[in-house]
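Worksheet: one structure, shown below.
The values are calculated or read from the model by the stated rules, or taken from the named source; none is laboratory data. Here the structure is a predicted model, which is why all the values come from computation and not from measurement. Counting neighbours? That spans all protein chains shown, and the Cβs are built from the backbone with ideal geometry, glycine included.
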Amino acid sequence: MSVEHMRQSVNCIELYHVEKSFGRQRVLKDVTCSVAAGEIFGLLGPSGAGKTTLVKILTGQLSADRGEARLFGVSSGRLSRREYGRMGMVMDELGLYERLSCRENLRLFARIYGISHSRGEELLRRVDLGDFAGFPVNRLSKGMKQRLALARALLTGPRLLFLDEPTSGLDPSTAAKIHRLLREEQERGAAIFLTTHNMEEAAKLCNNVALLHQGEMVEYGPPGEICRRYNHQNEIFLRKKDGTLLRLKNDGSGADLLQACARENQIESIHSTEPDLETVFMELTGRGLLA
Ligand SMILES: Nc1ncnc2c1ncn2[C@@H]1O[C@H](COP(=O)(O)OP(=O)(O)OP(=O)(O)O)[C@@H](O)[C@H]1O
Ligand SMILES: [Mg+2]
């Protein structure tokens, strides 16, 4: 394997047996996972599960008690300007200058990284704030501030993006725009690590998700695969055009009936008993994400 090849194969994020306590409270317990370039990874979990704590450990804002967190192969406690220059972050506290305009906020940041102003203008348009470039941040709505923080995070063309609740408080059409933008970043090869309470968002957007429950990763994998794993009933509901509802085992035994209905053009709708992520989460944690 060539050196270049090895470099490319290093995961953007690697976590090995990470533990963290605040006083006597164990907030993260033996967390292990990785995120590759071009992957959108979703960390899911109810309030207090430890999501932000994990992001803070990864970004070097907190240190782990045990285990190791690595970014681009570098221990998160030893990140240098080089690694910080390759990542973008949008956290709870957006860290914007309230009295400066959107444009000025981006310019300040661009200057630090030696990036041209035009990139800031382009990003303001991409997050739909082109018409608000001259507005001071303290006159923006929460959703607009969030989008500005995202534009700032994208200024350096990061290879790794951390987003803590990127679409909370956004209306569905704005959230969809953000999703499109994140997919574009993914296509560019960026890795995206996001935390969310929104299961639908996670199922649509993420290649892999991890369910964090009281500091423990209780599930990990592609959302569709996780849901199929919890499809205990494994049945198919078939509604015929005459209104009758058929319930078939999804093990081949109902194949003839299914085929006959299809052939006679009698199928109104078909549903499987595959649960959604929210249902899986309820089963694993005994409560919903917003509970
Ligand atoms: N600096 C700190 N000192 C003491 N306890 C803390 C500190 N930061 C977080 N905690 C505690 O750690 C636990 C996990 O908090 P964290 O912010 O990581 O949760 P979260 O999953 O991000 O929740 P939310 O969905 O509400 O953002 C909580 O019980 C919280 O009170
Ligand atoms: Mg949080």
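Can you name the strands (runs of 3 or more DSSP E) wholly within region 184-291 that have at least 1 residues being among the aromatic types (Phe, Trp, Tyr)? Spell out the reasoning first.
On the way: elements: 191-196, 208-213, 216-221, 235-240, 245-249, 267-272.
Per the criteria, 191-196, 216-221, 235-240.
Mind telling me which of the residues PHE132, PHE109 ends up being surrounded by 17 or more Cβ atoms within 10 Å (Cβ to Cβ), among the aromatic types (Phe, Trp, Tyr) and touching a Cys at 6+ places or on another chain (Cβ under 8 Å)? Break it down into steps so the answer makes sense when it comes.
Details: PHE109 fails: touching a Cys at 6+ places or on another chain (Cβ under 8 Å).
It is PHE132.
Within the bounds of region 83-90, is there any residue that is within 16 Å of ligand 2 (Cβ to nearest atom) and under 21 Å from GLY169 (Cα atoms)?
Yes, there is a match, as at least one residue in region 83-90 is within 16 Å of ligand 2 (Cβ to nearest atom) and under 21 Å from GLY169 (Cα atoms).
A quick yes/no check of all residues on (1) aliphatic (A, V, I, L, M); (2) away from ligand 1 (no atom under 16 Å from the Cβ); (3) surrounded by 14 or more Cβ atoms within 10 Å (Cβ to Cβ); (4) over 20 Å from the mean Cα position of the chain (by Cα):
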| residue | (1), (2), (3), (4) |
| --- | --- |
| ALA190 | yes, yes, yes, no |
| THR196 | no, no, yes, no |
| ALA202 | yes, no, yes, no |
| ILE236 | yes, yes, yes, yes |
| LEU245 | yes, yes, no, yes |
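Which residue, of SER269, SER253, is without any contact (Cβ under 8 Å) to a residue 40 or more places away in the chain, in contact with a strand residue (DSSP E or B) (Cβ under 6 Å, 6 or more places away or on another chain), over 18 Å from VAL209 (Cβ atoms) and among the hydroxyl-bearing types (Ser, Thr, Tyr)? Break it down into steps so the answer makes sense when it comes.
Numbers: SER253 fails: in contact with a strand residue (DSSP E or B) (Cβ under 6 Å, 6 or more places away or on another chain).
Among SER269, SER253, only SER269 is without any contact (Cβ under 8 Å) to a residue 40 or more places away in the chain, in contact with a strand residue (DSSP E or B) (Cβ under 6 Å, 6 or more places away or on another chain), over 18 Å from VAL209 (Cβ atoms) and among the hydroxyl-bearing types (Ser, Thr, Tyr).
Can you pull out every residue in region 42-82 that is at negative phi and away from ligand 1 (no atom under 16 Å from the Cβ)?
Within region 42-82, ARG66, GLU68, ARG70, LEU71, VAL74, SER75, GLY77, ARG78, LEU79, SER80, ARG81, ARG82 qualify.
Across region 252-284, which residue is modelled with the lowest pLDDT among those that are within 16 Å of ALA203 (Cα to Cα) and not polar (S, T, N, Q)?
Taking region 252-284 first, the residues within 16 Å of ALA203 (Cα to Cα) are 274-282.
Right, trim to not polar (S, T, N, Q) and you get 274-278, 280-282.
Working: GLU274: 80, PRO275: 83, ASP276: 87, LEU277: 89, GLU278: 88, VAL280: 89, PHE281: 87, MET282: 85.
It comes out as GLU274.
Name the one entry in GLY143, GLY169, GLY114 that is within 16 Å of ligand 2 (Cβ to nearest atom) and either at pLDDT 95 or above or farther than 23 Å from VAL35 by Cβ (or both).
On the way: GLY143 fails: within 16 Å of ligand 2 (Cβ to nearest atom); GLY114 fails: within 16 Å of ligand 2 (Cβ to nearest atom).
Exactly one residue qualifies, and that residue is GLY169.
Name every residue in region 19-55 that is within 13 Å of ligand 2 (Cβ to nearest atom) and under 15 Å from LEU160 (Cβ atoms), in order of residue number.
If the condition is that a residue be within 13 Å of ligand 2 (Cβ to nearest atom) and under 15 Å from LEU160 (Cβ atoms), then LEU43, LEU54, VAL55 are the ones that fit.
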